Amino acid sequence: MLKTNLLDIKNIFQHSRSFQAAWEECQSTLKALFDVDQLVLFKRDPKQTELFFQIERNAGVEEMRVPFSFSSVAGFTALSQAPLMLQNLDPRELAAVHPDLRFDRGLDKLLGLEIINILSMPVHHENALMGVFQLINKKSGKFTRQDEAYCRLIVGIMGQKLFEEFDLPQGPFDHLVSKGFLTQEQLDDALSRAAQRGVFVSRVLRADFNLDPDAIGASLERFYQTPFVRYENNPVSDQMLKGINRQYLIRNMWLPLHTGAGKAVVLVQDPHDADTVNEIRRVVNAKSYEFRVGLPEDILAFLGDSSQLPKSVSPGGGGWSTGAEEGEPEDLTEELDDGDDLAASLAELATAAEEGLEFTQDEEEDISLESRQVAVRFVNKVIMHAHRVGASDIHIEPNRGGKPGLVRMRIDGTCERVLSIPESVIKPVTSRIKIMSRLDISEKRLPQDGKLRVRFKGREIEMRVATLPTVYGESVVMRMLSAGKVMPFSRLNLSARNAEQIERIMVKPHGIFLVVGTTGSGKTTTLHSILSRINTPDKKIWTVEDPVEITQQGLQQVQVENAIGLDFARIMRSFLRADPDVILVGEMRDLETAQIGVEASLTGHLVFTTLHTNSAAETVTRLLDMGIESLNFAEALQGILAQRLVKTLCVSCRAAHEVTDEEWDYLVSQYGSEYFPELGIERSGARIFKPVGCRRCSHTGYRGRTGIHELLVATPEIRKAIMRKQPAEDIERLAVEQGMRTLYQDGIAKIFQGDIDTWQLQKVTVSD
């Protein structure tokens, strides 16, 4: 069966001595699995920005190379980092994807067949592109979304094996350690110093550790698999920039080095940043692109700002600048000592508090310099630690009189205790956070909301801050908003059925689609991922959100400001006068907003929104209970996606084991014995995974989170049930009969995929 074959393929790649050996062993199985004539694997050339495909023919090896550009299917797939399904390969189909896209019939000659259709999928691991995998000529007709879903699993397996063989470093500067320029301790120290000072890591490596820029560049070149370019007192001219604003380039850290003959050579700080690469393609018009990596201070120097260079390089001899400019985010640190850790900063702050160095709780001018410095140091350390461990929230909690409070952080959905904080320290820390957030430090009786921006490792981090008075003092919660990038639709880990149905819904001309779940279940991420698929110049898309956490070019995004009366309902009414095609409503919090959303969907607009409910079926009854007219809602509804985030097993250390009879019976019964055969999993040889623990997952056995979903599609039968206001149980039963799989069922499927285990699934959802 299909799933059994996938598990066999995964086992071959994991245990084979080399990628090539695994590839040769699996080719016939993969061809049969996908029912295709041929397989093609374009590997990334580590030395050039090219992809190459090799095949043995006529007692020799023939090769085909393509650049990273929109002009080829493989190049387009590599640049977009998204799957591409082409059914006919005619010019109109290619032009609909991108005006420059062409299909090179040289591949026909190389393979010895006429290529009719193709499914092209990027192969990557740890955000590093390894190549492009292609399925050639579906024998049974056309490729399907199910083919795409299973192909995504295959390239995940292949990507990990290729990554291992490339022996790529884990970070941009790890090659310096492997070559003996630094010890691991020195690199960690350099990273810490850069974070403390709010400067580039490369700048610290050059100034504090006397490393040559070429050595640093070689490390970047190794990590990014992209040629390095060094600054040599040769700033670019206005003619080279061709009208592109310098300040824009400085903010975005890239510049064109050469343009002409349809090709652009672009210098960039992070060639793996897909958003930056896409932005470059929008700004610089070219048929093909070649990327080079540069030190951030060098990029600034190319653009005329030499202040970040050492004295020996800077034409003005100004040494190292502070980098502080009016309007910029606040640096994370102020006069921090090198090498401090979180515990040390807490100890220093506690000592200072004991010595009477406390905030007066009035104005910032009344705070002693010394007390301000120790509080600044501790708060910055907390933020840096949260960023390092990938926390989504920071909680600073007071306790009853005399007892230590807590600093807790939510990591992968779990609130974890970080350290205890003495009572005497809480007030200075709270005041420091309120000052950073532009809040009133003298007001401790009422809740306050604010925002702050800081810079860490050259990146801006925005945080939403909420203070709440408790019986023991003010509690502070800071939500990290730094992950403001759109997640590709292909990475939502939707089942093949769910992905196909959502793609049908997203191109509807009107209707309403809801994504529901608990707080922090990834609803906004999912909606923006969907919007990114339909965000084209021919669509006017408005969003109203509170707050705006993810930004996309092309969207008109409005922030709710309740303090001035700018709420969801008011903004929605304005949207309807602004000629929208698509509207995203961050949350339907009240009846008025819900009514406007339904009315908008009935008058020719496609509306996406969220709601806090536990399941798709419960969403229907919740909205009807709010007062939505059942007939209008039934007519407007296109679908409801309920989701949760579940901790994923660490791929570096998870261990497979054969399913016991007890585990098998339980999983089959929970999925439903009548539906389980659709998974294609046979009892014999069935395997699932369990957590182990390693350095990469901090010995927890889990790393990251993935989604589980249930998708209710508004079929005629479902609409009738809504009109009749049938109970949620009846609607869910009807939806399951028509193909919907519940959150728990979807979770069981992902257990057999090796993504999660039963324990984590049970923690976020409950089976019947």
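The values are calculated or read from the model by the stated rules, or taken from the named source; none is laboratory data. If you're wondering where the values come from, they're calculated on a predicted model, not measured in any experiment. Cβ atoms come from the backbone with ideal geometry, glycine included; neighbour counts cover every protein chain shown.
Contact annotation: residue pairs with Cβ atoms under 7 Å, 6 or more positions apart or on different chains, pairing a residue in the stretch 467-485 that is acidic (Asp, Glu) with a partner that is surrounded by fewer than 17 Cβ atoms within 10 Å (Cβ to Cβ) and modelled with pLDDT under 90, are Glu474/Lys444. I'd like the residue in the stretch 667-688 that is at pLDDT 90 or above and out of contact with any helix residue (DSSP H, G or I) (no Cβ under 8 Å at 6 or more places or on another chain) and, out of all such residues, is surrounded by the fewest Cβ atoms within 10 Å (Cβ to Cβ). Going through the qualifying residues, I end up with Glu674.
Please find, among Gly390, Gly413, the residue that is on the phi > 0 side of the Ramachandran plot, small (Gly, Ala, Ser) and buried (at least 18 other Cβ atoms within 10 Å of the Cβ). Walk me through how you get there before you give the answer.
Values: Gly390 fails: buried (at least 18 other Cβ atoms within 10 Å of the Cβ).
Only one candidate passes the filter, namely Gly413.
Check the stretch 717-737 and report whether any residue there is in the same structural domain as Leu641 (by TED's automatic domain parsing), under 20 Å from Asn493 (Cβ atoms), in contact (Cβ under 8 Å) with a residue 60 or more places away in the chain and not small (Gly, Ala, Ser). Checked against the condition, which is being in the same structural domain as Leu641 (by TED's automatic domain parsing), under 20 Å from Asn493 (Cβ atoms), in contact (Cβ under 8 Å) with a residue 60 or more places away in the chain and not small (Gly, Ala, Ser), the stretch 717-737 yields no hits at all.
Which one is nearest to Thr467 (Cα to Cα), of the residues in the stretch 389-442 that are in a helix (DSSP H, G or I) and charged (D, E, K, R)?
Taking the stretch 389-442 as the starting set, the residues that turn out to be in a helix (DSSP H, G or I) are 389, 423-436.
Checking the rest, the ones that are also charged (D, E, K, R) come to 423, 427, 432, 434.
Numbers: Glu423: 17, Lys427: 12, Arg432: 12, Lys434: 8 Å.
By that ranking, first place goes to Lys434.
What are the pairs, 6+ residues apart or on separate chains, where a residue within the stretch 219-240 that is more than 21 Å from Ser307 (Cα to Cα) has its Cβ under 6 Å from a residue that is surrounded by fewer than 14 Cβ atoms within 10 Å (Cβ to Cβ)? Between residues of the stretch 219-240 that are more than 21 Å from Ser307 (Cα to Cα) and residues that are surrounded by fewer than 14 Cβ atoms within 10 Å (Cβ to Cβ), the close pairs are Gln225/Pro46. You will find that of Arg455, Arg432, the residue that is surrounded by 15 or more Cβ atoms within 10 Å (Cβ to Cβ) and closer than 16 Å to Gly198 by Cα is Arg455 and no other.
Table: residues versus (1) of a type in the set (D, E, K, R); (2) within 28 Å of the chain's Cα centre (by Cα); (3) within 22 Å of Ala149 (Cβ to Cβ).
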residue	(1), (2), (3)
Glu717	yes, no, no
Ala721	no, no, no
Ala728	no, no, no
Val736	no, no, yes
Gly739	no, no, yes
Gln762	no, yes, no
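Only one residue in Leu205, Leu211 is part of a loop (DSSP other than H, G, I, E, B), crowded, with 16+ Cβ neighbours inside 10 Å and out of contact with any Asp or Glu (no Cβ under 9 Å at 6 or more places or on another chain), so which one is that?
On the way: Leu205 fails: part of a loop (DSSP other than H, G, I, E, B).
Every option except Leu211 fails the conditions.
For the stretch 53-166, which fully contained helices (runs of 4 or more DSSP H) count at least 2 residues that are touching a residue at least 24 places away in the same chain (Cβ under 8 Å) and surrounded by 14 or more Cβ atoms within 10 Å (Cβ to Cβ)?
Numbers: elements: 73-80, 91-97, 106-111, 145-166.
Output list reads 73-80, 106-111, 145-166.
Please verify whether the stretch 231-238 includes one or more residues that are buried (at least 17 other Cβ atoms within 10 Å of the Cβ), in contact with a Ser or Thr (Cβ under 9 Å, 6 or more places away or on another chain) and in a loop (DSSP other than H, G, I, E, B). Yes, the stretch 231-238 contains at least one residue that is buried (at least 17 other Cβ atoms within 10 Å of the Cβ), in contact with a Ser or Thr (Cβ under 9 Å, 6 or more places away or on another chain) and in a loop (DSSP other than H, G, I, E, B). Scanning the stretch 423-457 for residues that are at pLDDT below 80, in contact with a helix residue (DSSP H, G or I) (Cβ under 7 Å, 6 or more places away or on another chain) and not β-branched (Val, Ile, Thr) yields a total of 3.
Run down Gly450, Gly390, Gly413 and say which single residue is small (Gly, Ala, Ser), closer than 30 Å to Thr276 by Cβ, touching a Ser or Thr at 6+ places or on another chain (Cβ under 6 Å) and not assigned by TED's automatic domain parsing to the domain that holds Thr276. Full working, then the answer.
Working: Gly390 fails: touching a Ser or Thr at 6+ places or on another chain (Cβ under 6 Å); Gly413 fails: touching a Ser or Thr at 6+ places or on another chain (Cβ under 6 Å).
Just one listed residue meets the conditions, Gly450.
All of (1) surrounded by fewer than 20 Cβ atoms within 10 Å (Cβ to Cβ); (2) touching a residue at least 40 places away in the same chain (Cβ under 8 Å) hold for Leu527 with one exception: (1).
Kindly indicate whether any position in the stretch 584-592 is modelled with pLDDT of 90 or more, part of a strand (DSSP E or B) and either over 30 Å from Pro691 (Cβ atoms) or among the acidic types (Asp, Glu) (or both). Among the residues of the stretch 584-592, at least one is modelled with pLDDT of 90 or more, part of a strand (DSSP E or B) and either over 30 Å from Pro691 (Cβ atoms) or among the acidic types (Asp, Glu) (or both), which makes the answer yes. For the stretch 530-556, a tally of residues being crowded, with 17+ Cβ neighbours inside 10 Å and not in a helix (DSSP H, G or I) returns 10.
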